[in-house]
Amino acid sequence: MAASRKTRVAGPPAPAITLVLDNGADTIKAGFVTGDKSDGPRVIPNCLARDRHRKTYVGSELEKCRDFGEIAFRRPVEKGFVVSWETQKEIWDREFFDDKAPQRCDPSETRLVLTEQPNALPALQTHCDQMVFEEFGFASYYRGIGPAFNAYQDVQAIFHTPRTPDTTVDVPAEAILLIDSGYSHTTVTPVLQGRPLHQAIRRLDVGGRLMTNYLTRLLSVRHFDMRNETFIANEMKEAVCYVSLDFKGDLDKTWKGTRGERKEDYRSGAGIAKDYVLPDSHTTFHGVVRDYEPSVAPSRSRKTAVSTEDVLTLRNERFVVSELLFNPSDIGMRQPGLADLVMQSLSVLPIGLWPGLLANIVVVGGNARLDNFIQRLQMELLGRVPDDDEAEMDISGDEAGETEEPANKRVRLAVEQSTSDNNTPKWSNPDPYTALPPETATQGKKKDVVQMIRKARVEAKEVRTSLPSESADFISFDFDDSDEADDGDDQEQEPKIATISSIAPSVQSAQPNLQLPPKPMPSKPGKASVLLPDPTSSALGSRKRTHDDEIKIPHTKLKKATKIHAGGGLMKEWRPDPELTSTPWMEADHSQSANVAVWLHKEVVDFYDYIKPRDFEERLRSELVQDLKHFCRKVFRDAEVYPFGSFPSGLYLPTADMDMAFMSDEYAAGGPAKYYTKTFLYRFRGQLVNHKIAWEDEIELILHAKVPLVKFIEHKTGLKIDVSFENNTGVTAIKTFKAWRDQYPGMPALVTMIKHFLLMRGLNEPVNGGIGGFSVICLVVSMLQMMPDVQSGNLDTRHHLGQLLLHFFDLYGNKFNFQTIAISLNPPCWIPKHQVTAFAYKNHNRLSIIDPNNPANDIAGGSSNAGTVMSHFANAHQELTQRMAQLAQDPNRAGQSILEVIMGGNYSSFENQRNYLELLAKEGYRPPAVGNRPAGQGSRPPRNQPPAPPKPSQGRNGGSRRRR
């Protein structure tokens, strides 16, 4: 008998209904498919919301809300992945499973198609599977990557490509490059035959939430406190923001202008400015966009004239927010822009796939709805793809009546809503997270910028504590009441934060008070606390001088210029001497400060006080300038020298060179150059020798540099002088330096620290690839310009020098990409180097700083050793943070120094120069005796005369330096 075949039991019939669910971070796109028919998809807010009246809205109930002010959200999706299934279940129940659900279904009789983001963690996927089957009980379920579903769309219809009769949408597109720019992030996913190429998927952490938060931050600083109004800010972003096709040009059009002027484009709005009327939650529930009316008075006047409306005038806010998609480095993110992200994705694929992917670029997501997004993306890609592909690249039009047949290979970019998003509402709102990089541990508790602004309005007439230097000091830290504060770009409504009265002479004290409170208290007019005092009345300290004291003459031979890059280690002359203290600036012990951040600030103050110019140094250098002016007038009649650089700006070190510009009267008046030939440089050197201006005839001619120089040592002071000819660039920059110094009172201390840090390592000379003083000043100012807390007045640069020093080393050492980004100070921004058109780059491995007074000049163009400089900035940040952490835990930290790890060294050269100049200022110039000349410079006594008896030893440097 033949064995009977086992009968197969038929399973339950397959569910007839399929729920297609795109569970986005901001919205849910949901629809049902029954057989070949599909219902219209719904767009549902994926959040729980609570308004100011404590009323809660779940999912689509948000449409009933009429007061969006200060509304708070709870979202189940973070960074594209479901992390709170309790919240997600409450939303799904309300929309799909409750008795009154708008799209009610029975999970046991429904199939689920669910999207997820690429590269999801396995633990999150497993948790999702358990919830779908065990909690909801769906009959069957498919989970797939969202971008892959777009390959099954009618891609040819999207691109307006003529269809062939046998084309069906059931077959996935052969190759597409999908760009999904949504709420949490932006992803680039190449899809081949409906399957994503995982190794080429790239992600940019810039999405709608970050852009809205950035706009909220800008509005809170410039207009109103909008930090709790992210819903309204998001509506504003969707209504008025656009992608700029000429970012630099639009930024220039919206720039207000320098102090005392208003540009015509700014007055007229240049077609960019828009007025946005905020909702009042009584008669209007959504904002209204209006055209900017230049004829109406400025915003402040309009508010008083129309008291029933709150109007914001938006200028560069309209396009700087969306610029983050293409240049995330604008807010310090170390990630590539969208176009670079596309090229990174393609770089890991065979080059044979490039034409097919570039010819089928599909863009989805809410951010792609921004005006000019498609055109800007095409412009960016055209500059990056190979020439063979670029010749065929184009963008298809979006007109319905287009009949022209497209080229064989063209880039087709189309805005397609993700999965089924056909009607994205205006209320997609991000959570109130900050868009800027997190604060470091040294910054402490985050301050309320808007509260600071409001407080400034109340205390505008009160005299705030000012922190000037002594009235006799050259560097002044006061403000002039007669000077109107410079209204920065787009800060028309921002109040003047610091209103400091005229400064009375500071009170002299033997032991000045450096215990700075975190927030200065108002003081009586006429008295001010001193931040950077002069602790000693003399560079020689408090000891008494005797008649036979000798000061070592600081005159030294000129060093021959070399183009060999410095390695960055301490120079031989700056290495610590075991017999001398390596931290001569330590006059007080700050180890008992409230925390190490305050300790570091106080030590930076001490260091700057030790280094900064003294009265006699200022006077002698000024006299030297007058002597050289007199010499030039006497010899050349129609020319004189003009000081520039660190001396007139007050940012020089004790042994710093003095920069002079020799200019004829005709050239100084705007005429042609007269004295600039090599012949004249030799003639100038000869006159220096004839009039005995140079010491020991120490003169060097640098003829083949971009700016020819004559270098010599002045015979009386021993200072090194660099003279350039018929070049007024440096003289023009003096006003800029002084304006920056007035705007940022703490800037001189930071510049001094950085300049000396580079000097000790031989990285301060542009001739060997380092960065000079002008570049250092620009780096510090750019950092301060890009810090919102500084611009808003929330962070006083005079009270946070330690924090700013750490931030400088961290920013330029670890975060700033000098190979791809150029620095602009007027207007203040960071610009990708490929967008700089004023000059061309021969080498991108150099720092680039656009001259604020001449955009065609790259200040740091000679910084061929910038990589070494930046690496030492990074090392300095690491050493300082480690040192601070070590001392914070050290019970025996009394008398120790934080700065010693990066600034400790042999400061005898500083003290020799300063001691000599002080003696010169007190007793006048006396030609040095033959026996006093430096060794190796002809120190033998005159013939037939016995040598002078040796004087009693005073120790190294005549006993003027402190020993350990």
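The values are calculated or read from the model by the stated rules, or taken from the named source; none is laboratory data. Not measured: the values here are computed from a predicted model. Positions of Cβ are generated from backbone atoms using ideal geometry, with glycine treated the same way; all protein chains shown enter the neighbour counts.
Out of region 372-389, which residues are in a loop (DSSP other than H, G, I, E, B) and surrounded by fewer than 16 Cβ atoms within 10 Å (Cβ to Cβ)?
Asn372, Gly383, Arg384, Pro386
For region 728-749, name all the residues that are closer than 21 Å to Asp659 by Cβ, under 23 Å from the mean Cα position of the chain (by Cα) and not hydroxyl-bearing (Ser, Thr, Tyr).
Result: Ala733, Phe737, Lys738, Ala739, Trp740, Arg741, Met747, Pro748.
Residue by residue through region 865-912, note down the ones that are assigned to a helix (DSSP H, G or I) and among the small types (Gly, Ala, Ser). Can you show your working first?
Of the residues in region 865-912, the ones assigned to a helix (DSSP H, G or I) are 866-889, 900-903, 908-912.
Within region 865-912, Ala866, Gly867, Ser871, Ala874, Ala876, Ala885, Ala888, Ser908, Ser909 meet the criteria.
Restricting to region 97-128, count the residues that are under 30 Å from Ile201 (Cβ atoms) and surrounded by 12 or more Cβ atoms within 10 Å (Cβ to Cβ).
So the count comes out to 14.
How about region 236-285: which of its residues are in a helix (DSSP H, G or I) and either under 23 Å from the mean Cα position of the chain (by Cα) or closer than 30 Å to Arg52 by Cβ (or both)?
Met236, Lys237, Glu238, Ala239, Val240, Phe247, Lys248, Gly249, Asp250, Leu251, Asp252, Lys253
Identify, by number, the condition in (1) outside the structural domain of Glu714 (by TED's automatic domain parsing); (2) in a helix (DSSP H, G or I) that Pro576 doesn't meet.
It is condition (2) that Pro576 fails.
Name the residue that is surrounded by the most Cβ atoms within 10 Å (Cβ to Cβ), counting only residues in region 199-213 that are more than 21 Å from the chain's Cα centre (by Cα) and of a type in the set (D, E, K, R).
Going through the qualifying residues, I end up with Arg202.
So that you can scan it fast, the table gives a plain yes or no per residue for (1) small (Gly, Ala, Ser); (2) out of contact with any helix residue (DSSP H, G or I) (no Cβ under 8 Å at 6 or more places or on another chain); (3) in a helix (DSSP H, G or I):
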| residue | (1), (2), (3) |
| --- | --- |
| Leu795 | no, no, no |
| Asn814 | no, no, yes |
| Asn817 | no, no, no |
| Cys829 | no, no, no |
| Ala840 | yes, yes, no |
| Leu847 | no, no, no |
| Ala856 | yes, yes, no |
| Ser863 | yes, no, no |
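In region 333-342, how many residues are modelled with pLDDT under 90 and of a type in the set (A, V, I, L, M, F, W, C)?
1
Exactly one condition in (1) crowded, with 22+ Cβ neighbours inside 10 Å; (2) out of contact with any Leu (no Cβ under 7 Å at 6 or more places or on another chain); (3) of a type in the set (Val, Ile, Thr) is false for Thr258; which is it?
(1)
Would you please name the residue that is farthest from the chain's Cα centre (by Cα), looking only at residues in region 344-371 that are in a helix (DSSP H, G or I) and surrounded by fewer than 16 Cβ atoms within 10 Å (Cβ to Cβ)? Steps first, answer last, please.
Residues of region 344-371 in a helix (DSSP H, G or I): 344-347, 351-358, 366-369.
Still in the running and surrounded by fewer than 16 Cβ atoms within 10 Å (Cβ to Cβ): 344, 347, 351-352, 369.
Details: Gln344: 24, Ser347: 29, Ile351: 36, Gly352: 39, Arg369: 28 Å.
Looking at the filtered set, the residue picked out is Gly352.
Show the residue pairs that are 6+ apart or on different chains and have beta-carbon atoms under 7 Å apart, the first residue being within region 737-748 and under 12 Å from Ile777 (Cβ atoms), the second being among the charged types (D, E, K, R).
So the pair list comes out as Met747/Arg741; Pro748/Arg741.
Inside region 731-755, can you point out the residues that are touching a Phe, Trp or Tyr at 6+ places or on another chain (Cβ under 9 Å), part of a helix (DSSP H, G or I) and surrounded by 21 or more Cβ atoms within 10 Å (Cβ to Cβ)?
Ala733, Phe737, Arg741, Met747, Pro748, Ala749, Leu750, Thr752, Met753, Ile754, Lys755, listed by residue number.
Only one of these conditions is not met by Asn817: (1) at pLDDT 90 or above; (2) out of contact with any Pro (no Cβ under 8 Å at 6 or more places or on another chain); (3) surrounded by 19 or more Cβ atoms within 10 Å (Cβ to Cβ). Which number is it?
Status for Asn817: all satisfied but (3).
Quick one: would you say Val363 is among the β-branched types (Val, Ile, Thr), at negative phi and modelled with pLDDT under 85? Quick ask: steps written out before the conclusion?
Working: among the β-branched types (Val, Ile, Thr): yes; at negative phi: yes; modelled with pLDDT under 85: no.
In short, no.
Name every residue in region 646-703 that is of a type in the set (A, V, I, L, M), out of contact with any helix residue (DSSP H, G or I) (no Cβ under 7 Å at 6 or more places or on another chain) and not in a loop (DSSP other than H, G, I, E, B), in order of residue number.
Result: Met663, Ala668, Leu681, Leu688, Val689, Ile702.
Starting from residues that are of a type in the set (A, V, I, L, M, F, W, C) and either assigned to a strand (DSSP E or B) or in contact with a helix residue (DSSP H, G or I) (Cβ under 6 Å, 6 or more places away or on another chain) (or both), keep the ones in region 73-104 and report whichever is nearest to Ala14 (Cα to Cα).
Here the residue is Ala101.
Would you say Gly895 is of a type outside the set (S, T, N, Q), under 24 Å from Met760 (Cα atoms) and surrounded by fewer than 16 Cβ atoms within 10 Å (Cβ to Cβ)?
When the stated conditions are applied, Gly895 passes them.
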